[in-house]
Amino acid sequence: VWLPPGYWQGDSRYPVLYLQDGQNAFDPATSFGGVDWGIDETMTRLIAEKRIRPAIVVAIWNSPMRFQEYMPQKALGNDSMIVTGRPSGEVVPGPAQSDAYLRFLGSEVKPFIDRTYRTKPRRDDTFLMGSSMGGLISLYAISELPGMFSGAACLSTHWPAGRGGMIEYLQRNVPKADDHRLYFDHGTATLDSLYAPYQLRVNEILRSAKYK
């Protein structure tokens with residue numbers, strides 16, 4: 001848990017950003033590739049520049065069952081194996097555990113954070129962020145728990161996972177545009193080179209749902 005500058009100098013309450021793959025957030029010694037995301041440095045800079053509100057960051061580590069935890073369960077249908085969507089075509093054993101992960105997030109992690117820290121616990125002050133499979137589970141979380149989260153940042157969202165089933169799921173379950181915000185991006189090289197066709201379809205779903 002990262003607390004913004006000035007947290008201990010007052011009694012203000014703060015919005016909360018929940019990050020997936022939390023071991024990547026702050027420390028290169030624990031991150032996947034030896035390079036962390038620099039969340040603490042970036043938050044400190046943006047707060048000092050008054051470009052964002054001071055906020056608490058909760059970095060939730062994934063377990064060794066990352067694909068099972070992060071693959072949106074209702075997007076799989078009756079599949080018992082999770083197709084990773086990587087060019088090598090491998091699969092991982094099911095069943096998906098993402099609905100259990102959302103219960104953990106919503107009924108254990110968030111209540112603990114709200115009890116322990118001076119948070120603004122309402123939906124309008126509660127956000128999600130993740131990359132690749134972390135982007136997929138962040139979108140799933142805001143779709144399944146729209147009363148808990150108001151925004152999700154999905155970076156390099158790994159749409160091909162589960163045979164791209166998240167696209168059809170989103171058509172049925174997109175959160176309402178009038179009180180939710182979504183952010184997407186992706187690159188054009190390496191694994192990100194697979195994402196553009198999926199993202200274009202998602203963009204159309206969101207436009208049809210009145211997102212701007």
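List every residue pair whose Cβ atoms lie under 6 Å apart, where the two residues are 6 or more positions apart in sequence or sit on different chains, the first residue falls within the range 74-88 and is over 23 Å from L145 (Cα atoms), and the second residue, located anywhere, is open to solvent by 80 Å² or more (accessible area, probe 1.4 Å).
Hits for this filter: V83/R163.
Just checking, does the range 166-182 include any residue being in contact with a Lys or Arg (Cβ under 8 Å, 6 or more places away or on another chain) and among the charged types (D, E, K, R)?
Yes, some residue in the range 166-182 is in contact with a Lys or Arg (Cβ under 8 Å, 6 or more places away or on another chain) and among the charged types (D, E, K, R).
Among residues belonging to the range 125-177 that are of a type in the set (K, R) and at pLDDT 95 or above, point out the one that is nearest to Y101 (Cα to Cα).
Applying the filter and picking the extreme gives R172.
When you look at T188, is it over 21 Å from Q68 (Cα atoms) and either assigned to a loop (DSSP other than H, G, I, E, B) or not hydrophobic (A, V, I, L, M, F, W, C) (or both), yes or no?
When the stated conditions are applied, T188 passes them.
Quick one: E108 ticks every box in (1) outside any loop (DSSP other than H, G, I, E, B); (2) in contact with a helix residue (DSSP H, G or I) (Cβ under 6 Å, 6 or more places away or on another chain); (3) farther than 23 Å from V202 by Cβ; (4) not hydrophobic (A, V, I, L, M, F, W, C) bar one, so which box is it?
(2)
Considering only the range 3-14, I want to know if a residue exists there that is under 24 Å from Y195 (Cβ atoms) and in a loop (DSSP other than H, G, I, E, B).
Checked the range 3-14: no residue is under 24 Å from Y195 (Cβ atoms) and in a loop (DSSP other than H, G, I, E, B).
Go over the candidates G33, G10 one by one and state the one that is modelled with pLDDT under 95, closer than 30 Å to G165 by Cα and surrounded by fewer than 17 Cβ atoms within 10 Å (Cβ to Cβ).
G33
Identify the single condition in (1) more than 20 Å from R118 (Cβ to Cβ); (2) out of contact with any strand residue (DSSP E or B) (no Cβ under 6 Å at 6 or more places or on another chain); (3) not β-branched (V, I, T) that G22 does not satisfy, given that it satisfies every other one.
In the conditions (1) more than 20 Å from R118 (Cβ to Cβ); (2) out of contact with any strand residue (DSSP E or B) (no Cβ under 6 Å at 6 or more places or on another chain); (3) not β-branched (V, I, T), G22 misses (2) alone.
If I ask for residues that are out of contact with any strand residue (DSSP E or B) (no Cβ under 6 Å at 6 or more places or on another chain), open to solvent by less than 50 Å² (accessible area, probe 1.4 Å) and without any contact (Cβ under 8 Å) to a residue 60 or more places away in the chain, which ones from the range 180-198 would you list?
Result: H180, G187, D192, Y195, A196.
If I go through the range 132-158 residue by residue, how many of them are out of contact with any strand residue (DSSP E or B) (no Cβ under 8 Å at 6 or more places or on another chain), more than 22 Å from A189 (Cα to Cα) and part of a helix (DSSP H, G or I)?
3
Just give me the residues in the range 40-87 being assigned to a helix (DSSP H, G or I), open to solvent by less than 80 Å² (accessible area, probe 1.4 Å) and acidic (D, E), in sequence order.
Listed by number, the residues that qualify are D40, E69.
Find all pairs meeting these conditions: Cβ atoms under 9 angstrom apart; at least six residues apart or on different chains; first residue within the range 166-179 and under 17 Å from D79 (Cβ atoms) and assigned to a helix (DSSP H, G or I); second residue among the hydroxyl-bearing types (S, T, Y) and open to solvent by 50 Å² or more (accessible area, probe 1.4 Å).
M166/Y198; I167/Y198
Condition first: part of a strand (DSSP E or B) and open to solvent by 20 Å² or more (accessible area, probe 1.4 Å). Now tell me which residues in the range 15-30 satisfy that.
L17 - this is the single residue of the range 15-30 that is part of a strand (DSSP E or B) and open to solvent by 20 Å² or more (accessible area, probe 1.4 Å).
Take the residues of the range 90-115 that are over 15 Å from R163 (Cα atoms) and among the small types (G, A, S): which is surrounded by the fewest Cβ atoms within 10 Å (Cβ to Cβ)?
The extreme case among them is S107.
The values are calculated or read from the model by the stated rules, or taken from the named source; none is laboratory data. Bear in mind that the values here come from a model prediction, so they are computed numbers and not experimental data. FYI the Cβ positions are ideal-geometry reconstructions off the backbone, even for glycines, and counts take in every protein chain you see. Note: accessible area is taken over every heavy atom of the protein model, side chains too, but ligands, DNA and RNA are not part of it. Shrake-Rupley method; radii C 1.70, N 1.55, O 1.52, S 1.80 Å.
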